[in-house]
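The structure under discussion appears below in the form of structure tokens.
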Amino acid sequence: MTELSLRLAVSLAQIAAVMGIVMLTVMILTLAERKVLGWMQDRMGPMEVGPYGILQPIADGLKLFFKEDIVPAGANKAMFTLAPILAMVPAMIGFAVIPFGPNVTVDVFGITIKPFVISDINIGVLYILAFASIGAYGIILGGWSSNSKYSLLGGLRSAAQVISYELNVGLAIVGVLLLSGSLSLVTITQAQAGGFWHWFIWGARPDGFFPIHTQIFAFVVFVISAVAETNRVPFDLPEAESELVAGFFTEYSGMRFAFFFIAEYANMVLVSCVAASLFLGGWNAPYPGTILGYAGLEQLAWIENVAWFTLKVYMFLFLFFWLRATLPRLRYDQLMRFGWKVMLPIALANIVVTAITAYFFPR
Amino acid sequence: MNLKTWIKTITFYDLLVGMKATMSHLLHYRPITLQYPHEKRMLPDNYRGMLALLRYDDGTEKCVGCDLCEAACPSRVIRVVSAEVPGQPTKRYSKEYYMDMTRCLFCGMCVDACPVDALGMTREFEWAVYDKRQLHLNKEQLLAIGDRSFPVREKQLELQHQNVAFFNVAFKHLPQKPS
Ligand code: SF4
Ligand code: SF4
């Protein structure tokens, strides 16, 4: 009984820590996005709240918190309330299986825990994909229950888009799963240890340098589809400002709007974490081992690992901003054609090629 | 599709060119933003800002109540109630003068139309208010704007008879100003 409650306490502490970090990242992102976008467009971004505007996320949060909570006339109140929760919970829950640091174990009061992953389940990737699909329900429900034509159109677009691109995300991952032989993100990341040529984007075998199993096409498909799945520019059709006001959250205000907003950014962080773990070696440094490890500070090596993971994730997030600053929005038929006629064949061909090479040159 | 365009397509060449452009702006960060409330723009000389009614240097209003500004205004901002100056049957003035600045588009037509240059455009532009009824200005307010924006006032023309606007100066048969 005491062991159970102790495990519960440890898990809750881990969850609280991860949620805190994710929320902090979301706050940083809201500011970083506006700053980076501003710099790329010869503007300054927010400058008023605090020195150089760094307190802007807090001001935004307070503003949204005190905004009036409006439910539009004719909206289905229960659904309208449910939708933001349905959007946000799956975005948050996915972080449960992300390994933020090395797969070490620590003994606390007699029980063994892994400090850098909340729960190392053996179907980690499937779990993330499943919950990402549930997140789409939040968007669709939000669009349908708002009793507004813009919301409805945004919700419908989102449904079609998420389904088409989730397929590509799933298929792009298959190559990695074939090579690592596991669905657990921890195992997948461990399989990429020992230098950047072992990362699955490059795909050398554990004993060699030649990129025989390269997953670079899968990586490109994954990144593009991930951008589409998180409804970011240039695939932001569900919330196309110039056509649909704000798409599925046109009618939302106050904290409900904040939920959708947090969900979008948390999804960005989540797909960045998944991309970093699957293709870019997760917490592994681009050289074998860790510098701190060589220096004899084996206990502190996790700092270096976590730093590399953070760097990779932020690199992806920067890519999101960069794309947003550069690209215009696709037309709807272009989006669908690109998804089904370009991305899907590439992903399928990648599976076939990877399967063949993995059969003849097993890892 | 020849080989070159095909290679450009599959390597996202055009996207990369665009992304290089945005990146170069990020690396050579030279913002053109003015931090507006803290630093303000240099206004051009012919800036058309808030409208004002003007006075002569002896404090009399220039406006002769001719209604031409009202006729010239494309968005019907101005409303003039013209009246005789008491005791001077040939001289008129604007008894009431209203401007609904919510509709003004700052075209300056009224200023051009005024025969006695009684209207002026100031360099004020920070006129945001919480209640838009505050933008419905009467004559006193417009004169006050003129007083604070144009401290140097025009002299009343010497040649002119009191009862005649200066555009009649050239007509010698009209009574001249007694010397
Ligand atoms: S500036 Fe133009 S719109 Fe404004 S009052 Fe004069 S004539 Fe009318
Ligand atoms: S045109 Fe000039 S003089 Fe005539 S009513 Fe307007 S402001 Fe007065």
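The values are calculated or read from the model by the stated rules, or taken from the named source; none is laboratory data. Just so we're clear, the structure is a prediction, and the values are computed from it rather than from any experiment. Positions of Cβ are backbone-derived with ideal geometry, glycine not excepted, and every protein chain shown enters the neighbour counts. We work out accessible area using only protein heavy atoms, side chains counted, and drop any ligands, DNA or RNA first. Shrake-Rupley method; radii C 1.70, N 1.55, O 1.52, S 1.80 Å.
General observations
- The 1.4 Å probe gives accessible areas that order A:Phe209, A:Phe309, largest first, as A:Phe209, A:Phe309.
- Where trypsin sites (Lys or Arg not before Pro) in DSSP loops with at most 12 other Cβ within 10 Å are excluded, longest remaining stretch of chain B: B:77-122
- The solvent-accessible area of A:Glu298, taken with every protein chain present and a 1.4 Å probe, is close to 120 Å².
- Extension gain for the segment A:Glu3 to A:Asn76, taken as residue separation times 0.36 nm less the Cα-Cα distance, is 21.8 nm to one decimal.
- By a 1.4 Å probe calculation restricted to protein chains, B:Ile7 has an accessible surface near 80 Å², given to the nearest 10.
- Exposure rank, largest accessible area first [A:Leu153, B:Leu3; 1.4 Å]: B:Leu3, A:Leu153
- Free-standing Cys residues across chain B, given no other cysteine C-beta under 4.7 angstrom: B:Cys63, B:Cys66, B:Cys73, B:Cys104, B:Cys107, B:Cys114
- A:Ile356-A:Ser119 FRET efficiency (beta carbon distance; Förster radius 45 Å; 0.05 resolution): 0.85
- DSSP-assigned coil residues among trypsin sites (Lys or Arg not before Pro) in region A:61-142, each with at most 10 further Cβ atoms within 10 Å: none
- Summed buried accessible area for A+B [probe radius 1.4 Å, Å², rounded to 100]: 1500 Å²
- Residue with peak Gaussian network fluctuation, chain A [Cα springs, cutoff 10 Å], from A:Glu229, A:Glu241, A:Glu166: A:Glu241
- Summing Cβ point charges (Lys, Arg +1; Asp, Glu -1) relative to the Cα centre of region B:51-154 gives a dipole of roughly 220 debye.
- Average accessible area per residue (Å²) across region A:310-358 - probe 1.4 Å, nucleic acids and ligands excluded: 52 Å²
- Per-residue [θ]222 nm for the protein assembly as shown (sum of -39500 (n - 2.57) over DSSP H runs n ≥ 4, rounded to 500): -16000 deg cm²/dmol
- Length available on full extension from A:Val104 to A:Phe210: 0.36 nm per residue minus the Cα-Cα distance, which gives 35.2 nm.
- A Förster radius of 25 Å combined with the Cβ-Cβ distance from A:Ile21 to A:Ile58 puts the calculated FRET efficiency at roughly 0.90.
- Pairs of alpha carbons in the protein assembly as shown whose separation is greater than 41 Å (percent): 44 percent
- With Cα atoms defining each centre, region B:28-43 and region B:129-145 are spaced 29 Å apart in the structure.
- Of all accessible heavy-atom area on the protein assembly as shown, the percent that carbon and sulfur account for (1.4 Å): 67 percent
- Among A:Ala307, B:Val64, A:Gly208 the positive-end extreme of the charge dipole of the protein assembly as shown (Cβ point charges): B:Val64
- A Cβ-based charge dipole, computed about the Cα centre of region A:2-360 with Lys and Arg at +1 and Asp and Glu at -1, lands at about 500 debye.
- Chymotrypsin sites (Phe, Trp or Tyr not before Pro) within region B:1-30: DSSP coil, no more than 15 neighbouring Cβ in 10 Å: B:Phe12, B:Tyr29
- Cα gyration tensor shape for region A:1-109, rounded if a/c is under 1.5, else prolate or oblate: oblate
- Which of A:Arg232, B:Arg30 is most accessible, then next, and so on - probe 1.4 Å: B:Arg30, A:Arg232
- Estimated inter-spin distance, B:Val81 and B:Val129, nm [label 7 Å along Cα→Cβ]: 1.9 nm
- Beta-bridge orientation, the protein assembly as shown: approximately 95 percent antiparallel, per DSSP, counting only bridges with both partners inside.
- Per-pair calculated FRET efficiency, R0 = 51 Å: A:Glu298 and A:Phe66 via Cβ, rounded to 0.05: 0.55
- Probing with 1.4 Å while keeping every protein chain in the model, the per residue accessible area of region B:21-150 equals 62 Å².
- Under DSSP loop assignment and at most 13 Cβ neighbours within 10 Å, longest GluC sites (Glu not before Pro)-free interval of chain B: B:40-125
- Counted as membrane-span-like here are DSSP H helices of chain A whose alpha-carbon atoms extend 24 Å or more along the helix's own axis and whose Kyte-Doolittle mean is -1.0 or above; these are A:2-40, A:77-93, A:124-145, A:149-180, A:254-279, A:301-326, A:344-360.
- Of A:Val227, A:Val89, A:Val186, the one that fluctuates the most in a GNM where chain A has Cα springs shorter than 10 Å: A:Val89
- Listed residues A:Arg329, A:Arg205, A:Arg43, most fluctuating in chain A (Gaussian network, C-alpha, under 10 Å): A:Arg43
- Lys/Arg +1, Asp/Glu -1 at C-beta; the protein assembly as shown dipole; positive extreme among A:Leu171, A:Ala59, A:Val10: A:Leu171
- Centroid-to-centroid separation of region A:177-197 and region A:211-268 [C-alpha atoms, Å]: 27 Å
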